[in-house]
There are 2 protein chains.
Amino acid sequence: MPERKSKSARVTLVDVARKSGFSPSTVSIVLSEAPLSRYVAAQTKERIRKTAQALGYRPDIFARSLRSRHSNTIGVLVFDISDPFCVFILKGIEKTLHPTQYLPILMDAHHERKQFERYLDLLMERRVEALIVVANWLFDEGKSLAGLREKKMPLVVVGQDVSKKHIGSVTVDNEAGGYEAMKHLYEFGHRQIAVIRGPAKLSDSQLRWDGMQRFASEYGLRLDPRRIRQLSDTLDPISGFEGGVQLTEELIRSRLKFTGLVAFDDLTALGAVRALARTGRSAPQDCSVIGFDDVPLAALSTPGLTTIRQPMEEMGSLATRRVLDVLREADESREVTPDLQLLPPSLVLRDSTARPS
Amino acid sequence: MPERKSKSARVTLVDVARKSGFSPSTVSIVLSEAPLSRYVAAQTKERIRKTAQALGYRPDIFARSLRSRHSNTIGVLVFDISDPFCVFILKGIEKTLHPTQYLPILMDAHHERKQFERYLDLLMERRVEALIVVANWLFDEGKSLAGLREKKMPLVVVGQDVSKKHIGSVTVDNEAGGYEAMKHLYEFGHRQIAVIRGPAKLSDSQLRWDGMQRFASEYGLRLDPRRIRQLSDTLDPISGFEGGVQLTEELIRSRLKFTGLVAFDDLTALGAVRALARTGRSAPQDCSVIGFDDVPLAALSTPGLTTIRQPMEEMGSLATRRVLDVLREADESREVTPDLQLLPPSLVLRDSTARPS
DNA sequence: ACAGGATATTCAATCGTTTTAATACAATCG
DNA sequence: CGATTGTATTAAAACGATTGAATATCCTGT
C-alpha cells in the first residue's frame, strides 16, 4: 500500500516526524539546533537530518518567525540607491551579513522624505531585528530614527554623523580627508588653490573645509576667500556635477588665477573638469582637480580622477558588525553608548592632478 | 479600576476585537479588506478601524502570511548591483511595485554563480510569489531558472533574452541599437568606422553587430574586418573599460585610419576615450566614439558620451507589470506563452561624436 | 405565512512551527 | 536505598492571524 498521498506539495515538520519515527518536538529541536539539541542522541540527529533531506523539507519561515519571535532579518534603508556612493557600502553590509543567520532587506527611499518614513514603517512591520541606514544626504530624519531607540531597535547610520542624537554613526573622517586633499595639492607645489565647498546643510561640507583650513594654517598657506565657492542646498545628488560646472566657470570668469581646485566630491570634480574643457583648458595641464569619495566613475573618466577615497565597503562592514554586536548581547544589552566611529580616508592618485606648469 | 495591564507591548487582533466589541473574525475581515467585508456594516467598519488606530494595531505579517499563504513579496535577484546598468532597472521595478500590495526583496548575486543559486534558494524559502531576475550578464542560469517554471512561479528576466528556454524576457532591441549607432556615425559623414564588439558569450554582442551589419549592407558601407575587434569573455563588468583601452590602442597602433568607433557599451567607449587621450588624440576631434546603454557616467564624463540609450527604467517597469499580470490571473493562469519583449533604444547625442575633420 | 436570498456577524478550525513543562529511564551520591 | 542529577524524548500549549461553515436577522415575493 502506498503511503497516503499528500494533498499539497508542501513538506512539513510533521511529515518528517512521521517518517523518521520521532515526535515533531524532537525534529524541530534537531533541525533548528535549539539548545535542547545538546541532549539529543547523535544517532537520532543523524536519522532526522537524513529524512528531512530525503523529503526535501524546508521550514516555513512564517510559522517559525511567528512562534520564535525572530525574523532573522536586518533592515537596510538607503537614501538613494542610484548614488554610486551607496553601492559599495551595500556590498560591505552584504558581505558581513552573509555568514550570519541574518538576511538584509533593502529599501530605497528615492531621496524622498515620505518614502523614507513609509519604508521605515514597512521594515518595522516586517519585524526586522535591527536597522542600518545608509545616508549620503540626510535631512533631519533624526526624529523618525530617535523613535527607534525607544523600541530598543539596534540602529546604525552610515555616511552621516548623528551621534549628537545618540544614534550610532559610522562615517569617514571628513576633516582628515579635507586636510589630505589640500596637502596633496600643496605638495605638488600649488599655492593658488580654489575650493568648491559642499552644501551648507551637509555636515560633511563643514568638516572637510575645517580640514583644509587646518592644513592651510599649519603650512602658512593663504586660502583667498575669492577662490572659495559653495554648492547650493539642492537635494538632487547629481546636482554636484551641475554645481561643479557652474561654479568652476564662475571661478574662471573671475580672472583670478588658480592652479589647483579641491572639489567637494567626485561629481563636483567631474563638473570642474567639464568646465575647464568647455573653456579650452584641461586638467591637469591648466589646473589640477581633486575630488572626494572615489566613486566608480572616478577611475573611468579621462583624466582619471585623483581623489580622497572613502573606505565604503569597510564602512558598511563596520556598521553591520556594530548592529550584530548589539544583537548578540541581546538581553544584557548594556545600552552601549551610541557613538561616532570614524574611518580614515586615503589618497588615490590618478591623472587629474600634477605639478603646476 | 484600570484595564488589565498587557504584559507585552504587542497589540493583537484580539485586543482590537475586545475593545471594539466585535469578534476577531469581523475585525480581521474589516482590517484586511477581505471579500466578506462587503457585508460588514459601514458603522462597524468605522468603529473597528478607529479602535485599531487608537490602539496602534499592526497586523503580524508572519501570522498573516502563515495562515493566508501569501507573502506579498516579489523577489528581485540582480547579478551585480554595482553595475550601473542595473540601478535604473531597479528603480523601474520599485516604482511599479510601489502602489501594489507587493514588496520587492532584493538580493545581489555579486556576479557569482554560487551566490546566485544560494539567493535563489533563499528567496524561495522566503516564499516570494514571483521572481524578477536582473541580468546584465548571464551564464547559463537557465537550468536553475527552468526549475521555477515547474513550481509555477511567475518569472521574468530583464536584460537578457532567455525566451528560447520559454522564460519571459525583457530586453532592449539590441539589433536596432546597433543599427542606430552605425547610422549615427554614418550620417555624420564617417566612412572609416572601427567597431569593438562585445564578448562572444553575450548574446547582446551578436545582435548589436547584426544591426551594424544590416545598416552597412543597406547603405553600401564597407566594414573592414581589420577595424573590428572583440572584447574577451571575462566576467568582470568593469573589464569592458580595460578592454576598451587595450583594443583601441591596438587599433591605433595598427595604423589603419578610422574616424569613428562604435563601442560595445559605455564602459568600453570610456576606455576608448582614455586610449585616445593616452596617445595624444581626443574625441571627437580625432575620432568620434559612440557607446551603448547610457549609464549615468555617460553624461558626466568629458566629453559627454554620445550613446544608444536603453530605456532601463521602462524595462524594469515592464518586467514588473508582466509578473503582476500573471499574479492577478492566479488561478486561471492561462500559462501565458513566455516570450520576448523588446523595447526600442534611442540615440542620446552628446559631445563624443561629430563630423570627421 | 413561508421559502429563499441578501445582509451582518461569529465559531472554531487551521496554518507550521517553537517552547515549556512533563515523562521515563539510567547513573551517581550520601 | 531514596534522593538527586543528567540524558533523551515527547505532549500540548502557544504564536496571531485567516477562513469556511454556521448562525441570526431582515427583506421580499408569492
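Brief remarks on what is shown
- Each label point was placed 7 Å from the Cα along the Cα-to-Cβ direction; for B:ARG253 and A:SER68 their separation is 5.8 nm.
- Nearest-ten-degree value, helix B:312-328 long axis tilted from longest Cα axis of chain B: 40 degrees
- Taking the charge dipole of the protein assembly as shown about its Cα centre, with +1 at Lys and Arg Cβ atoms and -1 at Asp and Glu Cβ atoms, the residue from A:MET124, B:SER65, A:THR12 reaching farthest to the positive side is A:THR12.
- Working from Cα pairs under 8 Å separated by at least six residues, relative contact order for region B:256-357 is 34 percent.
- Spin-label proximity, A:SER217 to region A:183-203 - amide N less than 15 Å from point 7 Å beyond Cα toward beta carbon: none
- Three-way shape label, region A:13-67, alpha-carbon gyration tensor, a/c 1.5: oblate
- Charge dipole magnitude, Cβ of K and R +1, D and E -1 - chain A, Cα centre, debye nearest 20: 1220 debye
- Restricting region A:108-164 to trypsin sites (Lys or Arg not before Pro) that sit in a DSSP loop and have at most 15 other Cβ atoms within 10 Å of their own Cβ leaves A:LYS151, A:LYS152.
- On Cα atoms only, tilt of B:113-125 relative to the major axis of chain B in degrees: 20 degrees
- Kirkwood-based Rg to Rh ratio, the protein assembly as shown, C-alpha trace: 1.02
- Cβ-placed point charges (K, R +1; D, E -1), dipole of the protein assembly as shown about Cα centre in debye, nearest 20: 1840 debye
- Other copies of A:GLU329: label-to-label distances in nm, shortest first, labels 7 Å along the beta-carbon direction: 5.6
- Sequence ranges A:53-63, A:287-297, ranked by mean other-Cβ count within 10 angstrom, highest first: A:287-297, A:53-63
- Rounded to the nearest 10 degrees, the angle from helix B:174-187 to the longest Cα principal axis of chain B is 40 degrees.
- Summed residue charge, Cβ within 13 Å of A:THR279's Cβ, Lys/Arg positive, Asp/Glu negative: +2
- Residues B:VAL78, A:VAL11, ranked from the fewest to the most other C-beta atoms within 10 Å, line up as A:VAL11, B:VAL78.
- In the protein assembly as shown, a dipole from Cβ-located charges (positive for Lys and Arg, negative for Asp and Glu) runs towards its positive end, and of A:MET107, A:CYS287, A:GLN341 it is A:MET107 whose Cα lies farthest in that direction.
- Gyration tensor verdict on region B:172-306 (Cα atoms; rounded if a/c is under 1.5, prolate if a/b is larger than b/c, oblate otherwise): rounded
- Mean per-residue shielding of peptide B:115-124 is 1, counting Cβ atoms of other chains within 10 Å of each Cβ.
- Label point 7 Å beyond Cα along the C-beta direction, distances from A:ARG255 to other copies (nm, shortest first): 5.1
- When you filter the trypsin sites (Lys or Arg not before Pro) in region A:16-73 for DSSP loop state and at most 15 other Cβ atoms inside 10 Å of their Cβ, you are left with A:ARG69.
- Cβ-vector label at 7 Å, B:LYS114, separations to other copies in nm: 4.5
- Within chain B, longest stretch free of exposed GluC sites (Glu not before Pro) [DSSP loop, at most 16 other beta carbons within 10 Å]: B:113-328
- Per-residue shielding of A:154-161, expressed as the average number of other chain Cβ atoms within 10 Å of the residue Cβ, stands at 0.
- DSSP beta bridge pairing in the protein assembly as shown, given as percent antiparallel to the nearest 5: 10 percent
- When the helices of chain B are scored as -39500 (n - 2.57) per DSSP H run of n ≥ 4 and the total is divided over every residue, the value at 222 nm lands at -13500 deg cm²/dmol.
- In a simple Cβ point-charge model (Lys, Arg +1; Asp, Glu -1; nothing else charged), region A:13-67 has a dipole of about 60 debye relative to its Cα centre.
- Normalising by residue count, chain B has a Cα convex hull of 175 Å³ per residue.
- 10 Å Cβ neighbours from other chains, averaged over peptide A:308-314: 0
- If you sort the three axes of the alpha carbon gyration tensor as a ≥ b ≥ c, you get a/c of 1.5 or more for region A:72-231 and a/b above b/c, which makes it prolate.
Rule-based calculations on the coordinates, nothing more; no lab input. What you see is a predicted model; the values in this text were computed from it and never measured. Note that we place each Cβ from the backbone using ideal geometry, even for glycine, and neighbour counts take in every protein chain shown.
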